[in-house]
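One structure is given below, encoded as structure tokens.
The values are calculated or read from the model by the stated rules, or taken from the named source; none is laboratory data. This structure is a prediction, so every number in the text was calculated from the model and none was measured. Note: ideal-geometry Cβ built from the backbone for every residue, glycine included; neighbour counts use all protein chains shown. When the accessible area is computed, the model is the full protein with side chains, heavy atoms only, and any ligands, DNA or RNA have been set aside. Shrake-Rupley method; radii C 1.70, N 1.55, O 1.52, S 1.80 Å.
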Amino acid sequence: MAWDLDGDRPIYIQLVEILQNKIVAGEYRPGERLPSVRDLAAEAGVNPNTMQRAFSNLEQMGLIVTMRTNGRTVADNPGVVETRGKELADAEVEQFFRKMEELGYKREEALELAKQKISGGDKNE
């Protein structure tokens, strides 16, 4: 797992983003046990308290649950994970359109450029 952390934003927020993306992408599946706070903190090169804070945020979001005898697992509710995935995707699409509008493109024009790129018909190459 790549832990590409930068100093511009709080580390725990970046950890939340990385872990929720891994959950949404299916790297950690519903009901699956997560590695321990200490193990993930060591892997990411962060303080265990920082990783614990990220886990607490993920739990508040409903993406993970704490089991007294079994550590933490991804919420065994695919609907929650799917909903979060759609929210993240919607935010990325909106960010794309905002950036394209800053460049002077209307949404329809930006969408057409994206379609051209997907089909390999990029006229600027």
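Annotations for the structure displayed:
- Any hit, region 97-117, residues being in contact with a Gly (Cβ under 9 Å, 6 or more places away or on another chain) and either open to solvent by less than 80 Å² (accessible area, probe 1.4 Å) or in a loop (DSSP other than H, G, I, E, B) (or both): no
- Per the listing 60, 95, 20, the residue uniquely in contact (Cβ under 8 Å) with a residue 40 or more places away in the chain and under 18 Å from the mean Cα position of the chain (by Cα) is 20.
- From the list 30, 35, the lone residue that is within 24 Å of residue 5 (Cβ to Cβ) and surrounded by 13 or more Cβ atoms within 10 Å (Cβ to Cβ) is 35.
- Out of 48, 78, sole residue that is more than 15 Å from the chain's Cα centre (by Cα), modelled with pLDDT of 95 or more and open to solvent by 40 Å² or more (accessible area, probe 1.4 Å): 48
- Any hit, region 67-77, residues being without any contact (Cβ under 8 Å) to a residue 40 or more places away in the chain and part of a helix (DSSP H, G or I): no
- Of all residues in region 4-59, exactly one satisfies the criterion of being under 16 Å from residue 85 (Cα atoms) and touching a Pro at 6+ places or on another chain (Cβ under 7 Å), namely 30.
- For region 9-27, a tally of residues being assigned to a helix (DSSP H, G or I) and either touching an Asp or Glu at 6+ places or on another chain (Cβ under 6 Å) or open to solvent by 20 Å² or more (accessible area, probe 1.4 Å) (or both) returns 8.
- Region 51-65, subset out of contact with any Phe, Trp or Tyr (no Cβ under 8 Å at 6 or more places or on another chain) and polar (S, T, N, Q), residue most open to solvent (accessible area, probe 1.4 Å): 60
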